[in-house]
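Accompanying notes for the structure given below.
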Amino acid sequence: MPFFGKSPRAPKGQLADPNIIRAVGLGKLTHNDLGKCWKIFKKWDHNKEGKITIEDLFVGILGEDRNMFADSLMELLVIKEEDSIDFGQFVLSMMTYALFETVEILKFCFFMFDKDKNGFIHKDEFILFIEMIHARDITPNTNIINTVEKLDVDGDGKFTWAEFTELHHTYPQVLFPCFRIQIAICRNILGLKWWKKKKEFLVLERLAALEKNEKVKRKQLAMLEKQRQAAIRRDMGFVDFYLQPMQRHYFDMKYPPTTADQLVQLDETSMKDKMSRLAGGLGSVEFEEAQANPGITEDDEKLIVDEYKLIDQNMAEVGAALREGRRIKYSSESVKKKGKKKKGFGAKKYHNKIMDVAHGVVDPHGAVTDIK
């Protein structure tokens with residue numbers, strides 16, 4: 001009967017390591033995946049102390065040179081000024097860099113020199129960096145250096161982020177060694193086929209999460225709008241709310257609708273506060289502040305008084321006309337229909353016009369232009 005060996009397993013004590021927990025969450029690793037990583041790690045743990053050197057990691061496991069870029073990478077990912085790493089640091093660092101997107105690798109390379117976040121790197125330093133990462137190349141890198149020399153568009157001896165990314169898109173071979181390390185990790189740890197499937201799975205999982213978030217967002221927007229309409233209905237009254245839907249927009253200032261972009265900026269506390277204010281009919285915070293501090297100038301106040309005087313005058317004339325049995329009409333709204341003029345309208349329609357004026361929807365001047 002053939003013997004089938006068991007899959008390697010990482011020691012149980014290692015599974016409680018915070019770095020292992022982070023790595024499992026990042027790459028959705030299984031016990032079998034961790035066992036394969038442990039097998040590689042144990043092979044290079046020569047002293048059986050549960051650690052491997054940075055030199056063995058890059059030269060032995062990955063087949064790359066240990067240089068300033070390698071040290072900066074390990075410092076960024078897991079360690080600070082140490083010469084060795086434990087199993088948790090090994091798995092987390094390899095998992096993190098292998099899953100880096102292209103733009104993340106470019107940002108790491110750029111900000112490795114722009115530590116002050118000034119938005120540029122010096123060309124001389126960058127050329128030394130290029131020479132270092134291409135040191136193991138069999139072919140001379142003179143052409144690459146000449147390319148970098150020519151790409152200083154401004155001629156100021158500096159590279160901006162835009163120039164840096166343009167360099168990579170135009171001449172990808174310049175920074176290829178930084179991406180070669182990522183390929184080496186995938187090839188020597190768990191295999192290229194495993195990483196290809198894993199990245200495809202993580203992309204699909206991310207898309208599913210985005211779709212789920214969109215559904216939640218649409219549900220929250222619908223819930224907020226339902227509460228907003230309920231608040232407007234309370235202010236308008238049940239009958240007017242349904243019989244005069246065109247007047248609902250007068251309450252948009254007090255109860256402004258929430259957009260998708262605004263919803264993204266709301267945390268859980270802000271969301272609850274907004275729902276509570278709508279339920280209590282308090283209106284938005286901005287509306288309350290505007291009510292408390294209207295900030296009306298003397299000219300604005302005079303204009304408002306004049307407009308409302310005109311409204312009062314028109315209403316008085318409307319009342320007199322109704323008492324005398326006369327019809328009211330707007331000359332601007334008098335339209336010809338089959339050769340005849342359309343006659344006036346009732347007081348309710350005139351009231352709606354007055355409401356439009358009061359809310360600044362239309363100009364009050366000439367509101368009633370012809371009363372008979």
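The values are calculated or read from the model by the stated rules, or taken from the named source; none is laboratory data. All values derive from a computational prediction rather than experimental measurement. Every residue, glycine among them, receives a Cβ derived from its backbone with ideal geometry; neighbour counts consider all protein chains shown. For accessibility, only protein heavy atoms count, side chains too; no ligands or nucleic acids. Shrake-Rupley method; radii C 1.70, N 1.55, O 1.52, S 1.80 Å.
What to note about this one:
- Annotation: per residue accessible area for region 180-292 equals 68 Å², rounded to a whole number [probe 1.4 Å, protein chains only].
- Here the Karplus relation 6.51 cos²θ - 1.76 cosθ + 1.60, evaluated at θ = phi - 60°, turns the backbone of region 93-110 into coupling constants of 5, 5, 5, 5, 6, 5, 9, 4, 7, 4, 5, 6, 5, 4, 5, 4, 4, 5 Hz, with x for every Gly and Pro.
- Derived value for region 176-303: Kirkwood hydrodynamic radius 19.2 Å. Basis is the mean of 1/r over every pair of different alpha-carbon atoms.
- Normalised Debye scattering of region 159-205 at q = 0.24, 0.26, 0.28, 0.31 Å⁻¹ gives log10 I(q)/I(0) of -0.83, -0.86, -0.89, -0.98, counting only Cα atoms as equal scatterers and leaving out solvent.
- Shape index of region 10-101: Rg/Rh, with Rg the Cα radius of gyration and Rh the Kirkwood radius from the inverse mean 1/r over Cα pairs, equals 0.93.
- Amide H contacts of Lys158: Lys123, each under 5 Å away and 5 or more positions distant or on a separate chain (H built 1.01 Å from N in the peptide plane; Pro and chain starts excluded).
- Cβ crowding within 10 Å averaged over residues, with 173-179, 195-201, 87-93 ranked highest first: 87-93, 173-179, 195-201
- For peptides 162-172, 60-70, sequence by mean Cβ density within 10 Å, most packed first: 60-70, 162-172
- Counted charge near Arg228, where neighbours are those whose Cβ lies closer than 13 Å (Asp, Glu -1; Lys, Arg +1): +4
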